[in-house]
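The next block holds one structure in the form of C-alpha cells; read it before the comments.
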Amino acid sequence: MGLQDAATAYLHETLGIQPASRPWSGTAKLPYHLQDEFELYELKAAGRMILLAVSRRKKHPTPSALRERLEKLKAAASRPVIYVIGAMASYERKRLIEQKVPFIVPGNQLYLPDLGIDLREYFRQPPKEATNGFSPAAQALLLRALLSKSTQTEWSPAAMASEVGYTAMTVSRIVSELTHAGVAKLDQRGRARWLLMDRPPAETWELIRPRLRTPIKRQFWTRIDTAFDQKDVPLAGLSALAHYTQLADPTTPVYAVGVERLKSPGFKNLSEIPEPVPNSCQVQVWSYTPIHGISAKKRDQQAVDPLSLSLSFHQNTDERIELALDELKEYFPW
C-alpha cells in the first residue's frame with residue numbers, strides 16, 4: 001500500500017469519511033524541485049478538495065522550508081495541502097504543529113488545522129540505524145581524519161593520535177572500533193597500521209552520524225575576569241556558530257575545554273556561578289579535546305571544528321539556529 005492509500009485509509013478510520021485519491025493533474029506545471037520532492041494526489045474530505053503532498057524523501061526539510069513549499073503548492077492548486085510522511089520523531093511533530101503545517105502520519109497521527117482537526121495518537125519513531133556510539137577518543141580521531149585528510153583515502157591513526165597524546169592502547173581500541181563499525185579497513189604494513197577509508201568523506205559522515213554523540217559533557221558559567229585566557233581556548237556553542245555564519249553573537253560568549261584540560265592548573269580553580277551575569281562567559285566541558293586550528297584558515301583557528309560544532313546542537317529546536325546549522329555546512333571539508 002502506498003503512502004497516499006495509507007493516508008486515505010487513515011482518514012476513513014479516524015474521521016469516518018471515504019475519500020478517493022487520484023494523481024493531481026497540475027503536477028507537470030510545477031517547478032522541478034517540487035515535482036522531485038513530492039508525489040501529489042487530490043481528494044475530497046470533509047466537503048473540501050485537498051491536495052496530499054507525499055514526501056519522496058526520508059529526511060524532512062526544516063519546518064519553515066516545508067511550510068514555504070506547501071504554501072507554493074497551495075497557491076498553485078487553490079486548495080489546502082497536507083504533508084504525508086511515513087514516520088516522524090516527536091520533536092519534528094511538535095515543530096510542525098508550532099508552524100501550523102498540516103500533516104498525516106498514516107496509522108499514527110494527523111494534524112489538519114485547516115479542517116480544525118488535531119488527533120494526537122501513538123507516534124511511530126523512525127528506526128534507529130545504530131545504538132552504540134563511538135568512544136570519545138574514536139570520535140575525535142575520526143573527525144580529525146575527515147577534517148585534515150579529506151582528500152586522502154588512508155591515514156595513520158598512531159601519527160594522528162600522537163598529536164593529541166593518546167596512548168598506544170587507546171589507538172588499538174580506536175582501530176578496533178572503526179574497523180568493526182565498517183568505517184575503515186586495516187592495512188598492516190610491518191609494524192605500522194594504516195586505516196583505509198574508500199568512501200567519499202561526505203558519505204562517510206552520513207554513515208557515522210548515527211554513532212556520533214554531542215561532545216558536551218556539561219557546561220557552566222564563570223566570570224571572565226577570573227577565568228582562563230580566552231585567547232587560549234576556542235569559541236564554541238552559539239559563539240562558534242556566529243563565528244562561522246550570519247547568526248548574531250550571543251550576549252554571553254561560549255568556549256570549549258576538554259575534560260582533561262579542565263583539571264590543569266589554569267582551569268581547575270575556576271569559580272562557577274549559577275547564572276550568566278555581566279562580564280561572564282559559558283564554558284562547555286567536552287569529552288575530547290576540542291578540535292581547532294587543523295587548517296590554515298583563520299576561522300578554523302578561532303573556533304571549534306564545524307563537524308563537532310554541528311553535533312553539539314543535536315537537540316536544537318530553535319529554527320533560527322537550524323538555519324545557521326544549514327549555513328555551517330559550507331565549512332564542512334568536502
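The values are calculated or read from the model by the stated rules, or taken from the named source; none is laboratory data. Remember, predicted model here, so these are calculated numbers, not experimental data. Using ideal geometry, Cβ is built from the backbone for each residue, glycine included, and neighbour counts are taken over all protein chains shown. What goes into the accessible areas is simple: the full protein's heavy atoms, side chains included, and nothing from ligands, DNA or RNA. Shrake-Rupley method; radii C 1.70, N 1.55, O 1.52, S 1.80 Å.
What residue among 69, 48, 223 has the largest mean-square fluctuation in a Gaussian network model of the chain, using Cα springs under 10 Å?
Comparing 69, 48, 223 in a Gaussian network model of the chain, the most mobile one is 48.
Probe radius 1.4 Å, ligands and nucleic acids left out: which of 320, 95 has the largest accessible area, and how do the rest follow? Please list the in-between numbers first.
Working: 320 120, 95 20 Å².
Heavy-atom accessible area, descending, gives 320, 95.
Report the gain in length on full extension from residue 62 to residue 248: 0.36 nm times residue separation, minus Cα-Cα distance, nm rounded to one decimal.
Numbers: separation 186, 0.36 × 186 = 66.96 nm, distance 2.01 nm.
Full extension of this stretch gives 65.0 nm more.
With every protein chain kept in place and ligands, DNA and RNA left out, what is the accessible area per residue of the chain? Probe 1.4 Å, answer in Å².
Numbers: 17640 Å² over 334 residues.
The answer is 53 Å² per residue.
Ignoring ligands, DNA and RNA, what percent of the accessible area of segment 24-76 is carbon or sulfur (1.4 Å)? Walk me through the numbers on the way to the answer.
Working: 1460 of 2970 Å².
Looking at segment 24-76 in its full context, I get 49 percent from C and S.
Extension gain residue 5-residue 27, at 0.36 nm per residue separation less the Cα-Cα distance, in nm? Spell out each step's value before the answer.
On the way: separation 22, 0.36 × 22 = 7.92 nm, distance 1.84 nm.
Length gained between residue 5 and residue 27: 6.1 nm.
Stretched out fully, how many nm does the piece from residue 75 to residue 203 gain, at 0.36 nm a residue minus the Cα gap? Write out the running numbers ahead of the final one.
On the way: separation 128, 0.36 × 128 = 46.08 nm, distance 3.67 nm.
Difference between extended and current length: 42.4 nm.
Find out how many positive minus negative residues lie around residue 312, taking Lys and Arg as positive, Asp and Glu as negative, among other residues whose Cβ is under 12 Å from that of residue 312. Please report the intermediate quantities before stating the final value.
On the way: positive: 213, 217; negative: 305.
Neighbour charge sum, excluding residue 312 itself: +1.
Which residue fluctuates most in the GNM of the chain (Cα springs below 10 Å): 186, 143, 52?
186
Over the Cα atoms of the chain, what Rg and Dmax result, in angstrom?
24.3, 76
How far apart, in nm, are two points set 7 Å out from the Cα along the Cα-to-Cβ line at residue 20 and at residue 172?
7.1 nm
For n ≥ 4 DSSP H runs only, could you compute -39500 (n - 2.57) per run for the chain, divide by its residues and tell me the 222 nm figure to the nearest 500?
On the way: 12 runs with 112 residues, N = 334.
Rounded to the nearest 500, the figure is -9500 deg cm²/dmol.
How much net charge surrounds residue 134 when only the other residues with a Cβ under 9 Å from the Cβ of residue 134 are counted, with Lys and Arg +1 and Asp and Glu -1? Please report the intermediate quantities before stating the final value.
Details: positive: 211, 213; negative: 177.
Neighbour charge sum, excluding residue 134 itself: +1.
What distance in nm separates the simple spin-label points at residue 193 and residue 260, each placed 7 Å from Cα in the Cβ direction?
The modelled label-to-label distance comes out at 1.7 nm.
How tilted is helix 63-77 with respect to the longest principal axis of the chain? Cα atoms for both, answer in degrees (0 to 90, nearest 10).
20 degrees
Can you give the angle from 0 to 90° between the axis of helix 168-180 and the longest principal axis of the chain, with both taken from C-alpha atoms, to the nearest 10?
Relative to the chain, helix 168-180 is tipped by roughly 20 degrees.
How far apart, in nm, are the 7 Å Cα→Cβ label points at residue 154 and residue 218?
Computed distance between label sites residue 154 and residue 218 equals 4.4 nm.
Go through 58/185; 94/263; 217/329; 72/217; 44/329 and tell me which ones have a Cα-Cα distance over 31 Å in this structure.
Details: 58/185 29 Å; 94/263 40 Å; 217/329 24 Å; 72/217 43 Å; 44/329 41 Å.
Violating the 31 Å Cα-Cα cut-off are 94/263; 72/217; 44/329.
Taking the chain as a Gaussian network, Cα atoms linked when under 10 Å apart, which of 169, 49, 88 shows the biggest mean-square fluctuation?
Of 169, 49, 88, the most mobile in the Gaussian network model is 169.
Taking H placed 1.01 Å from N in the peptide plane, check which residues at least 5 places from residue 258 or on another chain put their amide H under 5 Å from its amide H.
286
Sequence-distant or interchain residues sharing an amide H contact under 5 Å with residue 52, placed H: which?
Counting only residues 5 or more places away or on other chains, the set is 41, 42, 43, 82.
Would you mind counting up the charge near residue 2? Only other residues with Cβ under 12 Å from its Cβ, with Lys and Arg at +1 and Asp and Glu at -1. Let's see the in-between values first.
Values: positive: 56; negative: 5, 39.
Around residue 2, the surrounding residues sum to -1.
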